[in-house]
Amino acid sequence: MKKTNAGLIERKASAVARGVGLLHPHFIEQAQNTTVRDVEGRELIDFAGGIAVLNTGHLHPKVKAAVLEQLDKVSHTCFMVMGYEPYVELCEKVNELAPGDFPKKSALFTTGAEALENAVKIARAYTKRTGVIAFGGGYHGRTMATLALTGKVAPYSAGMGIMPGDVFRAMYPNKLHGVSTADALASIERIFKFDAEPQNIAAILLEPVLGEGGFYVAPKEFMQGLREICDKHGIVLIADEVQTGAGRTGTFFAMEQMGVAADLTTFAKSIAGGFPLSGVVGKAEVMDVVGPGGLGGTYAGGPIACAAALAVLEVFKEENLLERCRTLGEQVTARLQALAKQYPVIAEVRGLGAMIAIELMKDGKPSPELTAALVAKAREKGLILLSCGIYGNVIRILMPLTVPDAQLNQGLDILAESMAELTA
């Protein structure tokens, strides 16, 4: 029997838990770079990139070759049982790439949420404190501990009750919605005044650019203010670069553009070109506070994923992908800004590097309805987009950095045509 998307959606409904959503009604059978083909043979342009996982595109030849080569050697031992060189080599390279003029060490894990939980563990062990300050709109994962850090209830923790405690919520700067840098920094001081003394706070944790929260970029002065607060009170500053890292913002880590360095940085998503890998990199003295056995995991930093990540780093260097990222950012931003002049419903075009978004508003209010319609209309025309944002009214652009120019322009043309049809 010929497979169909509708048939597979029906099977999913019968076999897969309802909480595992499906944003687009397509089941993909094959993919290459920026093109995906579903089980019915329809090709679509992928501007989602597996939610910022495919900066080097689907199945980059160099990444694929590295994985096949590693597969012929060893697929698993658990690094804590018997080691393998790719883990060590990757940590060496990440230590060199991470911002900060201090000795660094890394530890590898499997998912972004796992990296975030371990970063908090390290901060707690280093400071002997338990409190963490996170930010409204931030997204840090779906596990119990990271749901406490994630600053949005629906859909992530809806119906699940209150998450684990000792997490305090501050305001993220958001000029469009009336939150200044001064407001955001003052919200931290209010936590110190009304909720928890600074000496009870182990870490301040944030994304340099909000991911799921809407692609709002943290101003440099805000980051510098956080660094000052952390230095004053002995608090560990954690940068969640799961989505911004691996070159998405025009530098390998977004914090390179923020004027200060975090004590700990988490990474995942695009680091291994589609293979599950994450990690924490940070000050050696902070990373080393946890004793042997306190960090790790059965599949953490598996040899195949490490081989893929090493290949990703080679691709970035050989294909000048950081420069390509900045060029793409300029091209896409220019097209979207031109679109914004044409359609007042585009309230703002923003981003950093090739991490770009448009926010849609009607009559001064967020419009999740128009956003959903735009995603659907673009899909009808062959373009896969993702929405995001605190109010569900943001379209984010996450095409692979390896996207051919012709396909990039084709995708942007579809976005423009879809907007024209919906606002006619």
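The values are calculated or read from the model by the stated rules, or taken from the named source; none is laboratory data. Fair warning: this is a prediction, and the values are worked out from it, not measured in the lab. Quick reminder, even Gly has a Cβ in these numbers, built from the backbone with ideal geometry, and neighbours come from all protein chains shown. With ligands, DNA and RNA removed, areas are computed over all heavy atoms of the protein, side chains included. Shrake-Rupley method; radii C 1.70, N 1.55, O 1.52, S 1.80 Å.
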Condition check for LEU22: out of contact with any strand residue (DSSP E or B) (no Cβ under 8 Å at 6 or more places or on another chain), open to solvent by 60 Å² or more (accessible area, probe 1.4 Å) and of a type outside the set (Phe, Trp, Tyr): yes
Failed condition for GLN410, given (1) in a helix (DSSP H, G or I); (2) open to solvent by 30 Å² or more (accessible area, probe 1.4 Å); (3) in contact with a strand residue (DSSP E or B) (Cβ under 7 Å, 6 or more places away or on another chain); (4) under 21 Å from LEU176 (Cα atoms): (4)
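Residue-wise test of (1) more than 16 Å from ALA305 (Cβ to Cβ); (2) over 21 Å from the mean Cα position of the chain (by Cα).
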site: MET80; (1), (2): no, yes
site: GLY83; (1), (2): no, yes
site: LYS105; (1), (2): yes, yes
site: LEU108; (1), (2): no, no
site: THR111; (1), (2): no, no
site: ALA119; (1), (2): yes, no
site: TYR126; (1), (2): yes, yes
Residue match in region 342-355 (condition: assigned to a helix (DSSP H, G or I), open to solvent by 30 Å² or more (accessible area, probe 1.4 Å), at pLDDT 95 or above and of a type in the set (D, E, K, R)): no
Test set (1) in contact with an Asp or Glu (Cβ under 9 Å, 6 or more places away or on another chain); (2) without any contact (Cβ under 8 Å) to a residue 12 or more places away in the chain - GLY19 fails condition number: (1)
Residue count for region 367-398, restricted to those that are part of a loop (DSSP other than H, G, I, E, B) and either in contact with a Ser or Thr (Cβ under 9 Å, 6 or more places away or on another chain) or under 18 Å from PHE215 (Cα atoms) (or both): 9
Count of region 219-259 residues which are in contact with a strand residue (DSSP E or B) (Cβ under 8 Å, 6 or more places away or on another chain), part of a loop (DSSP other than H, G, I, E, B) and surrounded by fewer than 19 Cβ atoms within 10 Å (Cβ to Cβ): 0
Residue, surrounded by the fewest Cβ atoms within 10 Å (Cβ to Cβ), within region 157-178, restricted to residues that are at pLDDT below 80 and in contact with a helix residue (DSSP H, G or I) (Cβ under 8 Å, 6 or more places away or on another chain): MET160
Filtered residue count, region 82-121, keeping only those that are free of Cβ contacts under 8 Å to residues at least 40 places away in the same chain and surrounded by fewer than 17 Cβ atoms within 10 Å (Cβ to Cβ): 6
Number of the condition not met by ALA300 [criteria: (1) over 15 Å from ALA98 (Cβ atoms); (2) in a helix (DSSP H, G or I)]: (2)
Residue count for region 359-395, restricted to those that are touching an Asp or Glu at 6+ places or on another chain (Cβ under 7 Å), among the β-branched types (Val, Ile, Thr) and within 17 Å of ASP413 (Cα to Cα): 1
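Every residue, every condition in (1) assigned to a loop (DSSP other than H, G, I, E, B); (2) at pLDDT 95 or above; (3) surrounded by 17 or more Cβ atoms within 10 Å (Cβ to Cβ), yes or no:
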{"residue": "SER270", "(1), (2), (3)": "no, yes, yes"}
{"residue": "GLY274", "(1), (2), (3)": "yes, yes, yes"}
{"residue": "VAL280", "(1), (2), (3)": "no, yes, yes"}
{"residue": "GLY291", "(1), (2), (3)": "yes, yes, no"}
{"residue": "GLY294", "(1), (2), (3)": "yes, yes, no"}
{"residue": "ILE304", "(1), (2), (3)": "no, yes, yes"}
{"residue": "ALA307", "(1), (2), (3)": "no, yes, yes"}
{"residue": "VAL312", "(1), (2), (3)": "no, yes, yes"}
Positions within region 331-341 being open to solvent by 30 Å² or more (accessible area, probe 1.4 Å) and within 12 Å of ILE397 (Cβ to Cβ), in sequence order: GLN331, THR333, ARG335
Residue within region 373-394 that is open to solvent by less than 20 Å² (accessible area, probe 1.4 Å), at pLDDT 95 or above, among the charged types (D, E, K, R) and under 23 Å from the mean Cα position of the chain (by Cα) present: no
Verdict on GLU421 being without any contact (Cβ under 8 Å) to a residue 24 or more places away in the chain, charged (D, E, K, R), over 23 Å from GLN32 (Cα atoms) and surrounded by fewer than 18 Cβ atoms within 10 Å (Cβ to Cβ): no
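If the requirement is being at pLDDT below 95, closer than 25 Å to ILE356 by Cβ, in contact with a Lys or Arg (Cβ under 9 Å, 6 or more places away or on another chain) and of a type outside the set (Val, Ile, Thr), which of these qualifies: GLY214, GLY151?
The conditions single out GLY151.
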Selection within region 122-156 - open to solvent by 50 Å² or more (accessible area, probe 1.4 Å) and in a helix (DSSP H, G or I): ARG124, TYR126, MET144
Sole residue being without any contact (Cβ under 8 Å) to a residue 60 or more places away in the chain and within 24 Å of ILE51 (Cβ to Cβ), chosen from ALA268, ALA239, ALA246, ALA254: ALA239
